[in-house]
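Read through the structure below, which is laid out as C-alpha cells, and then see the notes.
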Amino acid sequence: MDPIERRVFNQGALIGALAFVVGGVETMLTPREAEAQNVPLRTLKPEEAKTLAAMGEALVPGARQAGVVQFVDQQISIAPEEALLEARIMNVRPPYANFYRAALGAIEGASKERHGGRGFAELNPAEQHDFIDAMRQNKIEGWKGPAGGFVYAALRADSVDVVYGTMDGYAALGVPYMPHIAPTRSW
Amino acid sequence: MANEKVDVVIVGAGASGSVYAAVMARAGKKVVLLETGPDWQLSDLISSDFWGRRVKPAGPPFLLEGKNPYGYVYQAGWGVGGAALHYFANFPRLMPNDFKVKSEHGKGLDWPINYSDVAPFYDKVARDVGVSGDAKAEEIWRPAGEPYPLPPMKTFRGGEVWKKGFEAVGIRLAPAAVGMLSAPYKGRPACIYDGWCHVGCPIGALANPLVTYLADARKAGVEVRAHSTATRVLTNAQGDKAIGVEYYDANKEKQVQEASVVVLAAWSAQNPRLMLNSATDRHRNGLANASGLLGKYLTAHFGSGTSALFDEDIQPYMGTIGAQYFSYDRYDKNAHKAKGAFGSTFLVAGAAVKFSGIGGVANARGDLFGPELAAFMKRAARGYTRINAFAEEMPLIENRVELASDKDEFGMPLGRITHSYNEDAVALFNANFEEGLAIAKATGAKEVWSNRGAMPTIHLMGGTIMGTSATNSVTNSYGQTHEIANLWVAGPGIFPTSGAPNPTYTIFALSLRGAEHLAENWGSVAG
C-alpha cells in the first residue's frame, strides 16, 4: 500500500469514520453523523436516496438514522478496493454504483407498477412489508434488474451493518464489542 | 523492465507462498515474493465486520457459472498473508481414507501419496506455527503423531451447550485443533478470545503468515513486492524451462523477474489462469497441460449449518471463530450411504458469532426483516449458536477454470469458474441437515432450525492436481509440474480430492513438504 493510501486508511479506521465532502472539504464522519448533517450525496440521485432510505428502514429499523444512505453513497463513490460493502463479498462486479443504481431502479419501477404509480417510499408499512417479502423470494412479476432476492440480501446487509455492526449497535443490544483494534468513535 | 535474476520468484504471499519463501530463504536462496494486493500490517486488522472486508478481493476478476457458482470473495485473499490473513484457523487434518478414494470406492481420484507421507509435515507445521489441541483425543480417528505444542483452547457456553446433543446421537467430540495460541508461544501472545479472528488477528495469537512463515521469510531476506500482479510465466524457446515471471508493478508498469525456479502460489483458480495465459508454441494449451487437466477438477466444500437459540445467556460472541470441538465420526465416505450420499463429513461446534457480515447473527435468519428482525436480534445476541457439517464433493472434470474473452486492466483474460455439485454432494448436504437437526433438538434449545439456502461453496481446491504422471495430472506430489522441472505449483490447487475439513493445515503441510524437497534437490531442479 503506498503512503497516501495508508494514511487515509489508518485515519479512517482509527476514528471509525469515512471521508465525506462537506463544503468542498474532506471531513471524517460516521454515516450517522453525515446523515444528521445532511451531507450532500456524491453519487446517488435524490430519488435513489429516497428509495434506499425507505427500503433500509423497512429492512432494519433504525437504518435511516444510522446513515444507510450516506454509507452506501460514500462507499460507491470510492475505489472498489477501498469499499467496505457486503456487495464486495457477494461477488458484485465493480463499479458498485452500477449495481445499486440497477437495484434501486428495479425497486422503484416494481413499486410503481404494483401500486398505481407510487414509489416504495410512498407505500404504507404493510404494503412495504408485502413488497419486500415478495422481492426476497423473487416473486415480483415484471421485476427488471438484479434478482430480487439478491437485492434484498445486499441492502439488508448494508442496513444491518450500520445498525448492528457498529460499536453503538453492540451497545444497544447490551453485548460487549471487545475489539482488538477499535473503531474509536463507535463506528 | 527486467530485474536482476534471483533464485526463486514466488507468485502469491499467502499460506503456501509464505512457506516456500521461508524455506528457500533459509536454504540460502535469493527470493522475490510477488503479491497482487497490499502489504498489510497487523495494525490494519480492525475488529469490525465491515472494515474486515478490506482484506478481501474487490469484485470478481473471475466470472462465475454453473448450477452452484463458486462464490469466493469471503474466503479469498488479497494482499500479503492471502486468505490466511483472515482465515478461521481450524487445523483439522485430512484422514488416511482421503488419499485413495478412487481405489477404494471407484469414485473421485487417488492421491499419489498417503497420509503417512503428509503426517510428519502436519507435526512440523504444528511446531512452527503453534497449534493448540489434543492430539491424543484425535487418535480415535487417525494414526498417532506428535502431541500438539499447546494445550486445547478454552471453551465457552456457545460450544459446551452442543455436547449433550452430539452425545445423544452417538457422535464423539474432541477439542478442536486450531492454529491459535492457548498460551504464549515463540514470542507471540496467547489468544484473548474476543471472537474477531475472521477479520484478522492483530495481536498475532492466530497463526497468520504475517507472524509465522512470512515473518521468517522477511527475516531471512526475502523481498516482498506488493501491488505486483503476475500475468505470465515466461519459458525458454525449447519450452522445457521457466525463466521468470512477467508482472505489472504498483505503477502499472510491466516488469520481468527472471528466476531459476518459479513457484505459483496465487490461488487454486489464479494459478491455472496464469498457466493458461502463458501458452506458447511449445505449450499451446497452457503450461504443463499435456494431460488437458490444467484448470480441471476444481472442488469445493459445502456446509450444512444448524442453529439453536437458548434462553440462557451463552455469550455467543466469546471465544474464537475457530471451532471449540470437532468430530470425524461421520468421516467414512459411506457414512450417509443409506441416504444416497457419498463423501466425508467433518463436524464443528462452538465458533464465536458476531452480529453483521455473512456469518453474523443477523444472517442466521435471513428471511427476517423489519420489526421481526429487530426482535430476533434482541434474543439472539445472547442466546444464538450453531454447528456446521462440512462435507466434500468428488472431483468432476467439468468443474473448471478457463480463460474468458473479457480482459482485465493488464490485458489478461479473466478467468471463468464453472462449478456444479452432483447428486452425491446434494444428498450429503441434505443428510447432514437432517442429522444436524437431530443433534440440535437433543440440546434442549428453545428453538432449532436448519440454515438452508443455496448450497454454499467453501474453499477452492484442485485445478492443478497432483498425480503420478503428465497423463493424469499437472504436478507430482511435491507440486513440481511434470513437464517443466523448475515450475512449481503450491496451495490447495494440487489436491486431487478435497476431503471435508478446512484445508489450510494441509496447505501448510504440503507446502512445507514441497519446499523442503525443492531445497534438497535444488541442483537438479533449478534452471
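Of note:
- The aspartates and glutamates whose alpha-carbon is closer than 12 Å to the alpha-carbon of A:K139, local same-chain residues fewer than 8 away aside, are A:D130.
- Cα centroid of region A:24-43 to Cα centroid of region B:278-313, whole Å: 42
- Sequence-distant aspartates and glutamates (8 or more away, or on other chains) whose Cα lies within less than 16 Å of B:K354: A:E86, A:D158, A:D161, A:D168, B:D49, B:D194, B:D313
- Ranking of A:F131, B:F376 by neighbouring Cβ atoms within 10 Å, starting from the fewest: B:F376, A:F131.
- With a Förster radius of 45 Å applied to the C-beta separation of A:R93 and B:I140, the computed FRET efficiency comes to 0.45.
- Label-to-label distance, A:K144 versus B:K446, with points set 7 angstrom from Cα along the beta-carbon direction: 4.6 nm.
- Each Lys or Arg adds one and each Asp or Glu takes one away; over the other residues whose Cβ falls under 10 Å from the Cβ of B:H301, this sums to -2.
- Local electrostatic count at B:L368 - Lys and Arg +1, Asp and Glu -1, tallied over other residues with Cβ under 14 Å: +1
- Computed per residue of chain A from DSSP H runs no shorter than four, each worth -39500 (n - 2.57), the mean residue ellipticity at 222 nm is -16500 deg cm²/dmol.
- Mean per-residue shielding of peptide B:99-111 is 0, counting Cβ atoms of other chains within 10 Å of each Cβ.
- Summing Lys and Arg as +1 and Asp and Glu as -1 over all other residues whose Cβ lies under 12 Å from the Cβ of B:L264 gives a net charge of +2.
- Rounded FRET efficiency, nearest 0.05, which uses the C-beta distance separating B:T471 from B:A404 and R0 of 22 Å: 0.20
- Nearest-0.05 FRET efficiency for A:V25 and B:V256, computed from C-beta distance (R0 35 Å): 0.20
- Projected label points at B:K186 and A:E47, each 7 Å from Cα along the beta carbon direction, are separated by 6.0 nanometres.
- Only Lys, Arg, Asp and Glu carry charge here, each on its Cβ (+1 for the first two, -1 for the last two); on that basis region B:2-525 has a dipole of about 460 debye about its Cα centre.
- In degrees, nearest ten, helix A:3-15 long axis to first principal axis of chain A (Cα): 80
- Among B:R282, A:R101, B:R93, sorting on how many other beta-carbon atoms sit within 10 Å of each Cβ, with the fewest leading, yields B:R282, A:R101, B:R93.
- Inter-chain Cβ neighbour count for A:80-88, averaged per residue, equals 6 (cutoff 10 Å, partner chain atoms only).
- Placing unit charges on each Cβ (+1 for Lys and Arg, -1 for Asp and Glu) gives region B:2-525 a dipole about its Cα centre, and among B:P149, B:Y70, B:G370 the Cα reaching farthest toward its positive end belongs to B:G370.
- Rounded to the nearest 20 debye, dipole of the protein assembly as shown from Cβ charges on Lys, Arg, Asp, Glu: 400
- Distance from the C-alpha centroid of region B:170-214 to that of region B:473-502: 27 Å, rounded to the whole angstrom.
- Semi-axes of the equivalent ellipsoid for the protein assembly as shown, computed as √(5λ) from the eigenvalues of its C-alpha gyration tensor and ordered from largest down, come to 39, 31, 25 Å.
- Normalised contact order of region B:289-431, rounded percent, pairs of Cα under 8 Å and 6 or more residues apart: 35
- Legend: ranking of residues A:E113, B:E402 from fewest to most surrounding C-beta atoms inside 10 Å; resulting order A:E113, B:E402.
- Mean residue ellipticity (222 nm) of chain B, computed from DSSP H runs ≥ 4 via -39,500 (n - 2.57), nearest 500: -6000 deg cm²/dmol
- For region B:318-325, 3J(HN,Hα) per residue [Karplus equation, 6.51 cos²θ - 1.76 cosθ + 1.60, θ = phi - 60°, Hz, x = Gly/Pro]: 8, x, 9, 6, x, 6, 8, 9
- Dipole magnitude (debye, nearest 20) for chain A, charges at Cβ of Lys, Arg, Asp, Glu: 160
- Degrees, to the nearest 10: A:96-114 long Cα axis against longest axis of chain A: 30
- Counting, for every residue in A:148-161, the Cβ atoms of other protein chains within 10 Å of its Cβ and taking the mean gives 4.
- Ordering B:381-392, B:40-51, A:115-126 by mean Cβ neighbour count within 10 Å, with the highest value first, yields B:381-392, B:40-51, A:115-126.
- Gap separating the Cα centres of region B:59-123 and region B:361-415, nearest whole Å: 17
- Helix axis angle, B:15-26 relative to chain B longest principal axis, alpha carbon, degrees: 50
- Computed on chain B, with alpha-carbon pairs under 8 angstrom and 6+ residues apart, the relative contact order is 24 percent.
- Extension gain (nm, one decimal) between B:D311 and B:D281, 0.36 nm per residue minus Cα-Cα: 4.1 nm
- Sequence-distant contacts, meaning Cα pairs under 8 Å at least 6 residues apart, place the relative contact order of region A:3-172 at 22 percent.
- Between B:V224 and B:L33, the built amide H atoms are under 5 Å apart, and every one of these is 5 or more places off in sequence or on another chain.
- Extension gain, B:A526 to B:D332: 0.36 nm times the residue separation minus the Cα-Cα distance gives 65.7 nm.
- Peptides A:158-167, B:252-261, B:120-129, ordered by how many other C-beta atoms sit within 10 Å of their residues on average, highest first, read A:158-167, B:120-129, B:252-261.
Bear in mind that the values in this text are calculations on the coordinates, not laboratory data. Being a predicted model, the structure only gives us computed values, none of them experimental. Quick reminder, even Gly has a Cβ in these numbers, built from the backbone with ideal geometry, and neighbours come from all protein chains shown.
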